[in-house]
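First up is the structure itself, then whatever we jot down about it.
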Amino acid sequence: MNRPQPKYFKNHLQTPIQYVKGVGPKLAKLLEKKGIETVEDGLYFLPRAYEDRRQLKKISELRAGKKETGFGEIMLSGMAFFQGRKKKVFEVLVGDGSGMITLKWFHGNERYLLERFKKGRKLIFSGEVRWFNYQKEIHHPDVEIVEGDIEEDYLNFKRIVPIYSETEGLYQRTLRRLMKNIVDGYSDELSSPIPVEIVERQDLINFSEAFRRVHFPPEGESIEKLNLQRSDGHRRIIFDEFFFLELGLALKKRGVALETGISFQTTGALAQKLLERLSFQLTGAQVRTLSEIVSDMEKPHPMNRLIQGDVGSGKTIVALLAGLRVVECGYQAAIMAPTEVLAEQHYLTIHRWVESLGVQVALLTSNIKGSEREEIYGRIRSGEVQIVIGTHAVIQEQVEFNHLGLAIIDEQHKFGVVQRGLLKKKGENPDVLVMTATPIPRTLAMTLYGDLDISLIDEMPPGRMPIETKVFPESGRSRVYGVVEEEVRKGRQVFIVYPLVEESEKLDLKDATQMAEHLQKEVFPEFRIGLLHGRMKSEEKEAIMMEFKEKKIEILVATTVIEVGIDIPNASVMVVEHAERFGLSQLHQLRGRIGRGQYRSKCILLAQYRSSEEARIRLRAMEQTNDGFKIAEQDLELRGPGDFFGIRQSGLPDFRVAHILRDTPILIEARKEAFRLIQEDPDLERPSHSVLKEVLRKRWRGRLEMAAIG
Ligand code: ADP
Ligand code: MG
């Protein structure tokens with residue numbers, strides 16, 4: 001019996017990597033660790049960097065302060081001590097007749113290093129050259145042991161050489177040899193059927209050629225561009241990824257626009273009444289957003305709009321005013337919030353606002369049970385309840401609306417695609433309004449939520465005082481208590497927040513509980529301290545929130561149940577315990593709980609000294625800016641786009657090469673072309689476009705329908 005050979009795979013790109021020349025089961029295992037299972041994965045495994053080895057410099061020519069590449073023979077290697085024998089360093093002395101240089105490793109396994117860097121071996125090294133004690137040295141260089149004659153080796157020398165990301169047991173030369181086999185053998189089979197007009201307009205190179213050039217750049221390529229992933233080859237591959245993303249979004253957007261929806265025609269008298277009763281006036285940004293919403297609602301197609309506005313910018317009232325227009329037309333509105341505490345707060349605020357207008361509001365959370373629940377179901381079904389506010393409970397199967405006209409999703413980033421879709425399905429093509437405080441840059445929002453229209457509330461209500469943010473180490477705790485005491489004495493209120501991390505949930509909860517007790521008994525016996533966490537019963541939670549709102553509690557110790565949405569204008573201090581354990585956006589959300597009234601507020605981040613470098617960057621960013629956009633950009637950079645947008649759960653395809661931040665200009669071009677194409681051929685019916693459909697189906701793997709709504 002013959003083992004299947006590569007040529008029997010119908011689609012050669014799907015050939016398991018194991019069947020590529022020179023790869024056996026052992027190597028295949030190592031490659032699998034890198035996520036390389038098929039030939040196609042291999043082609044997409046792009047170099048992480050490039051080295052200019054067109055002409056190797058002599059060691060004497062290497063300049064300090066520059067990233068350089070050299071070649072030489074190991075004269076000596078071994079462990080040395082410094083700082084009075086306190087620290088060890090592994091040193092390798094390399095010479096080439098013209099001079100010498102020392103390569104240094106400050107950590108690493110000694111036995112392994114000695115074995116790898118034996119005297120007499122030849123090696124290529126590269127890294128930043130420094131001067132130390134009148135000698136050249138490089139710390140933690142990239143190295144490659146050389147065997148054989150470099151004059152004959154055209155793969156590893158005399159060219160711009162690709163550097164791949166390694167794992168133990170899988171080194172540059174092996175990888176390079178393998179990649180060469182893959183690129184030579186299979187790159188011709190890659191295809192990206194972007195129509196020729198677009199290819200010409202965008203000046204794109206051939207797709208297969210792009211892969212050949214990116215892996216093994218031709219002589220004349222710019223090393224700087226390659227290292228920035230800005231070469232023509234990179235651009236072509238990235239364009240392809242973005243183009244098919246945007247083409248999918250363009251199709252979706254068109255699909256929604258074609259559906260028949262409800263055209264809400266009203267004078268907005270009810271909304272006007274509420275406006276007259278409010279103690280404040282809408283900001284310009286709120287007015288603009290509302291008018292964008294109203295014009296969508298009047299159209300006979302479903303609205304699909306995202307309101308983006310930083311914490312505290314006043315999204316709730318805008319959503320409610322939209323809701324009242326729907327109510328006026330005899331329809332129902334639903335508002336779904338991610339936590340019970342937030343749903344309850346919305347209920348209280350909204351109830352207070354609209355009660356005197358004769359509008360019926362109901363709260364629905366999973367904690368409302370039994371006959372009470374049945375009764376609410378009934379009132380929703382009959383249409384008696386006009387505005388339903390709740391958590392996930394609103395999308396349960398038993399909930400039937402009489403006729404839902406507007407579905408509002410608050411803090412949409414906390415919901416999955418499916419849940420958002422389910423709320424929409426409670427009506428017949430209702431209008432959809434999603435809200436978020438995640439202030440991703442507008443161009444990115446446009447492209448990522450490409451099927452949504454976006455309104456931006458980029459103005460804060462007047463009179464807000466800036467929040468001062470400061471990081472304290474544990475040793476500063478008593479000073480923190482000092483601040484807390486001072487503020488409470490002034491009549492303000494304080495949040496103290498504990499993380500709840502899944503792995504240590506029990507411990508964390510214990511921390512929060514004990515802290516509340518400790519504060520009450522030993523630190524602030526004269527103040528009233530409350531505790532709030534997600535495990536408490538609804539009624540308890542409700543009672544505590546109520547007491548805090550009514551200032552019966554001065555200091556609220558809580559877990560992240562209060563992360564989003566909570567609105568207590570009198571609270572002026574937010575203390576975050578273990579701040580190093582929170583993500584940047586989360587910290588910003590928490591900080592958004594204060595500074596909502598006319599008082600100067602303080603955000604205090606208590607952090608452990610031994611935080612990671614990344615944590616320190618996060619904390620510093622919090623100290624430096626209150627601007628949600630800057631925070632989001634930093635967060636996006638730290639976490640990477642996949643995590644940041646929750647791409648996996650958003651239903652968007654993920655990228656193999658493209659990087660949303662780095663490649664935004666390409667993203668914008670790709671979007672323009674994709675949307676133009678859908679405008680010209682809305683259903684991709686032209687024969688020349690049928691292949692596009694196929695690629696779309698493959699890339700989106702059935703997510704095209706599901707990914708509707710953000
Ligand atoms: P978010 O956008 O974070 O959801 P909210 O809708 O909770 O913000 O509003 C924050 C606070 O600001 C609330 O107390 C709200 O009543 C108040 N608010 C909203 N709009 C205005 C305005 N135009 N002027 C003054 N206060 C406002
Ligand atoms: Mg809100």
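Observations
- Residues of segment 119-153 that turn out to be of a type in the set (Ser, Thr, Tyr) and without any contact (Cβ under 8 Å) to a residue 40 or more places away in the chain, as a count: 1
- Among the residues of segment 528-543, those that are part of a loop (DSSP other than H, G, I, E, B) and either out of contact with any Leu (no Cβ under 8 Å at 6 or more places or on another chain) or open to solvent by less than 10 Å² (accessible area, probe 1.4 Å) (or both) comprise ARG528, MET536, LYS537.
- Taking the criterion of being without any contact (Cβ under 8 Å) to a residue 40 or more places away in the chain and either assigned to a loop (DSSP other than H, G, I, E, B) or open to solvent by 10 Å² or more (accessible area, probe 1.4 Å) (or both), the residues of segment 289-329 that qualify are LEU290, SER291, VAL294, SER295, GLU298, LYS299.
- Look at (1) open to solvent by less than 20 Å² (accessible area, probe 1.4 Å); (2) closer than 23 Å to GLU550 by Cα; (3) not basic (Lys, Arg) and you find that THR391 fails only one, number (2).
- In segment 581-602, residue farthest from ASP508 (Cα to Cα) [restricted to those that are of a type in the set (D, E, K, R) and assigned to a loop (DSSP other than H, G, I, E, B)]: ARG600
- If the condition is being open to solvent by 10 Å² or more (accessible area, probe 1.4 Å) and within 16 Å of ligand 1 (Cβ to nearest atom), then segment 562-583 contributes GLU563, GLY565, ASP567, PRO569, ASN570.
- Leading residue by the ranking (least open to solvent (accessible area, probe 1.4 Å)) among those in segment 544-556 that are away from ligand 1 (no atom under 16 Å from the Cβ) and either touching a His at 6+ places or on another chain (Cβ under 9 Å) or part of a loop (DSSP other than H, G, I, E, B) (or both): ILE553
- Taken together, SER231, SER191 contain a single residue that is among the hydroxyl-bearing types (Ser, Thr, Tyr), free of Cβ contacts under 8 Å to residues at least 40 places away in the same chain and open to solvent by 40 Å² or more (accessible area, probe 1.4 Å), which is SER191.
- Residue count for segment 273-288 under the criterion of being more than 11 Å from ligand 1 (Cβ to nearest atom) and either in a loop (DSSP other than H, G, I, E, B) or surrounded by 13 or more Cβ atoms within 10 Å (Cβ to Cβ) (or both): the result is 3.
- Within segment 47-63, being closer than 20 Å to TRP131 by Cα and open to solvent by 40 Å² or more (accessible area, probe 1.4 Å) holds for LYS57, LYS58, SER60, GLU61, ARG63.
- Meets criteria (open to solvent by 40 Å² or more (accessible area, probe 1.4 Å), closer than 26 Å to ALA337 by Cα and within 16 Å of ligand 1 (Cβ to nearest atom)) for PHE629: yes
- Of all residues in segment 151-173, those satisfying the criterion of being open to solvent by less than 60 Å² (accessible area, probe 1.4 Å) and under 17 Å from LYS34 (Cα atoms) are PRO162, ILE163, TYR164, SER165, THR167, GLY169, LEU170, GLN172, ARG173.
- Residues that are at pLDDT below 90 and part of a strand (DSSP E or B), drawn from segment 136-145: ASP142, VAL143, GLU144, ILE145
- Selection of segment 339-359 for residues being in a loop (DSSP other than H, G, I, E, B) and either modelled with pLDDT of 90 or more or away from ligand 2 (no atom under 16 Å from the Cβ) (or both) yields GLY358, VAL359.
- Count of residues meeting criterion [assigned to a loop (DSSP other than H, G, I, E, B) and away from ligand 2 (no atom under 16 Å from the Cβ)] in segment 407-433: 7
The values are calculated or read from the model by the stated rules, or taken from the named source; none is laboratory data. No experiment lies behind these values; they were computed from the predicted model shown. Note that we place each Cβ from the backbone using ideal geometry, even for glycine, and neighbour counts take in every protein chain shown. Surface areas here come from the heavy atoms of the whole protein model, side chains and all, with no ligands, DNA or RNA. Shrake-Rupley method; radii C 1.70, N 1.55, O 1.52, S 1.80 Å.
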